[in-house]
Amino acid sequence: VTALNNLIKSSFEEIRATDQMKDAAYTFLLQEAQRNRRRFYRSLATACLLLICIGFGGWRIWEAPVSYISVDVNPSIELTLNRFDRVTAAVGQNKEGILLLNMVKLKGKKYIEAVELLVQSDFMQDYLAKDPALTFTVASPKASELLYTLENSAVSAQYQGICIQSDMEAAH
């Protein structure tokens with residue numbers, strides 16, 4: 001290692017630079033460092049912008065309504081589903097529905113889990129004991145799949161739920 005260091009040192013001994021050359025080299029190296037810093041910040045800003053766009057696009061995909069399920073006894077609830085069959089919004093269509101949604105949190109749950117939580121809640125049990133006419137109305141491009149799952153669910157079987165398909169225009 002020392003022999004290599006001596007060889008390198010001896011190679012540079014013959015190089016002589018004036019103060020003007022040293023200043024020019026120093027100025028050049030400073031400019032290169034500034035350019036590299038600007039490139040780094042531009043790359044960082046581009047990466048941040050890309051992450052924001054991906055995040056916003058992901059949020060839009062998650063929140064975009066694709067399907068609607070209405071659960072009716074007397075409390076009437078409308079569930080809005082995203083393309084992953086998850087509840088993105090739940091709206092009470094009457095006073096009882098609004099009260100029920102204050103007790104049961106459905107956002108982010110799979111639709112069948114949300115329906116089971118609604119129907120099996122203590123609040124809904126009072127209404128089902130009086131009038132067990134449980135109705136599910138589905139408006140969706142994949143209504144047959146959603147209806148099949150609802151028709152074969154435990155709550156539909158237990159309360160003789162009626163499953164109906166509606167068109168998307170009616171849902172809007």
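Its Kirkwood hydrodynamic radius, worked out from the mean inverse distance over all distinct Cα pairs, puts region 105-172 at 12.7 Å.
Dipole size of region 44-120 about its Cα centre, with +1 on Lys/Arg Cβ and -1 on Asp/Glu Cβ: approximately 240 debye, rounded to the nearest 20. Pairs of Lys residues in the chain are counted when their Cα atoms are under 27 angstrom apart and they lie 8 or more places apart or on different chains; the count is 11. Counting only protein heavy atoms and using a 1.4 Å probe, the accessible area of Glu145 comes to about 100 Å². In the set (1) 17.0, 55; (2) 15.5, 55; (3) 33.3, 104, the label that goes with Rg and Dmax of the Cα atoms in Å computed for this structure is (3).
The amide H of Leu134, built 1.01 Å from its N in the peptide plane, has Ile162 as neighbours under 5 Å, considering only residues 5 or more places off or on other chains.
The values are calculated or read from the model by the stated rules, or taken from the named source; none is laboratory data. Predicted, not measured: the structure shown is a model, and the values here were computed from it. Using ideal geometry, Cβ is built from the backbone for each residue, glycine included, and neighbour counts are taken over all protein chains shown. Areas reflect the complete protein model, heavy atoms only, side chains present, ligands, DNA and RNA absent. Shrake-Rupley method; radii C 1.70, N 1.55, O 1.52, S 1.80 Å.
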